[in-house]
Amino acid sequence: MLASCNISEPKVITVDGEMPAGAMGKTLTHEHLLVDFIGADSTGYHRWNRDSVVEKVLPYLLEIKEMGYKTLVECTPAYIGRDPELLKILSGKSGVQLMTNTGYYSAVDAKFIPEHAFNETASQLAERWIDEAHNGIEGTGIYPGFIKIAVERGPLKEINRKVVKAACITHKETGLTIMSHTGLAVPAFEQLEILQEYGVHPSAFIWTHAHDEKDIEKHFEAASMGAWVAFDNFNPDRLERFVDFAQQMKKHGLLKKVLFSHDAGWYRPGEPGGGNFRGFTEIEEILIPALEESGLSQQDMHMLFVDNPARAFQVEKRLINSSY
Ligand SMILES: [Zn+2]
């Protein structure tokens, strides 16, 4: 299916298949509908009841639909609660376009890494992810719209390097964007080096949880290289920091590389009623008005919540020359 993509009409992939990137509309680029923290050895679809999750989560999607959001990027990888069929049901019932992913989460001492990933090479892992991109996930007919990985907050460990390499190989084959739970600048730039070795352009990389890094020079540097810099855990306590970040990025002409989201949601299997679910409205209610008040224009707002998500997630092989 990816072969049908061409440069003239950029595409993205939701749980309902391909669509023009321009149809994403207003988008939240990093949220979670369900996360299962029990670990790769014990998680599975038996851990939750889809009807109960739908009942709990649907109102939160309807709420953002009402506010004009058309797409939500669901960032939960396999072995930590990814459920493409659940997303398809929720998308159908809410009318919010949802995206899911392929890839593995290697942070938290590899608690969410399946056994096979310790023995397999990066190429073998990539083979699994490419298979999902070409043939759908687990026979569901649902395709990943991006690659989601996670690395530790410090210098990369072996398992982290392996998933980053697998992500590079997968990107080169599929054109799917690499979103990496990262945090600090040290692992961010170590990953960008691996991309470089594999000949993958930084614009294929989303530096996720970049707000954890306090040195804004690092954000300028990554964005100048072309990487996406995601401040994606907005909550009202962080308002000032987010507004300041947006202003500085704008001043440097780098607002075009910024992604904002809440990292909210999280139906938690094993907790009564799925625990405390956090909705997705604070950006609309609090951040956007504050950004406008700080002097950002309507065009800036359109760039942040419509154009940037479409460009970040469009399916496109972004390559540079390399020895690989
Ligand atoms: Zn997240």
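The values are calculated or read from the model by the stated rules, or taken from the named source; none is laboratory data. Worth saying up front: this structure is predicted, and the values here are computed from it rather than measured. Here Cβ is always computed from backbone atoms with ideal geometry, including for glycine, and neighbour counts include all displayed protein chains. Note: accessible area is taken over every heavy atom of the protein model, side chains too, but ligands, DNA and RNA are not part of it. Shrake-Rupley method; radii C 1.70, N 1.55, O 1.52, S 1.80 Å.
Scanning region 13-42 for residues that are within 16 Å of the ligand (Cβ to nearest atom), modelled with pLDDT of 95 or more and assigned to a loop (DSSP other than H, G, I, E, B), we see that the one that is surrounded by the most Cβ atoms within 10 Å (Cβ to Cβ) is Asp36.
Only one residue in Tyr104, Tyr79 is within 26 Å of Asp212 (Cβ to Cβ), within 16 Å of the ligand (Cβ to nearest atom) and open to solvent by 70 Å² or more (accessible area, probe 1.4 Å). Which one?
Details: Tyr104 fails: open to solvent by 70 Å² or more (accessible area, probe 1.4 Å).
After applying the criteria, what remains is Tyr79.
For region 62-76, state whether one or more residues are touching a residue at least 60 places away in the same chain (Cβ under 8 Å), charged (D, E, K, R), in a helix (DSSP H, G or I) and closer than 18 Å to Thr29 by Cα. Scanning region 62-76, I find at least one residue that is touching a residue at least 60 places away in the same chain (Cβ under 8 Å), charged (D, E, K, R), in a helix (DSSP H, G or I) and closer than 18 Å to Thr29 by Cα, so the answer is yes. When you check Ile142 against the structure, is it farther than 19 Å from Gly199 by Cβ and open to solvent by less than 40 Å² (accessible area, probe 1.4 Å), yes or no? Yes; evaluated as a whole, the condition is true for this residue. The sole residue among Leu58, Leu72 that is away from the ligand (no atom under 16 Å from the Cβ) and within 21 Å of the chain's Cα centre (by Cα) is Leu58.
Can you find a residue that is under 22 Å from the mean Cα position of the chain (by Cα), within 15 Å of Leu291 (Cα to Cα) and among the basic types (Lys, Arg) anywhere in region 214-235?
Going residue by residue through region 214-235, those that are under 22 Å from the mean Cα position of the chain (by Cα) are 214, 216, 218-235.
Pick out the ones that are also within 15 Å of Leu291 (Cα to Cα) and you get 231, 234-235.
Still in the running and among the basic types (Lys, Arg): none.
No.
When region 132-156 is examined, which residues are found to be part of a helix (DSSP H, G or I) and in contact with a helix residue (DSSP H, G or I) (Cβ under 8 Å, 6 or more places away or on another chain)? Answer for region 132-156, where residues must be part of a helix (DSSP H, G or I) and in contact with a helix residue (DSSP H, G or I) (Cβ under 8 Å, 6 or more places away or on another chain): Ala133, His134. Restricting region 194-225 to residues that are open to solvent by 10 Å² or more (accessible area, probe 1.4 Å), touching a residue at least 60 places away in the same chain (Cβ under 8 Å) and in contact with a strand residue (DSSP E or B) (Cβ under 8 Å, 6 or more places away or on another chain) leaves a set whose member that is farthest from Ile283 (Cα to Cα) is His201.
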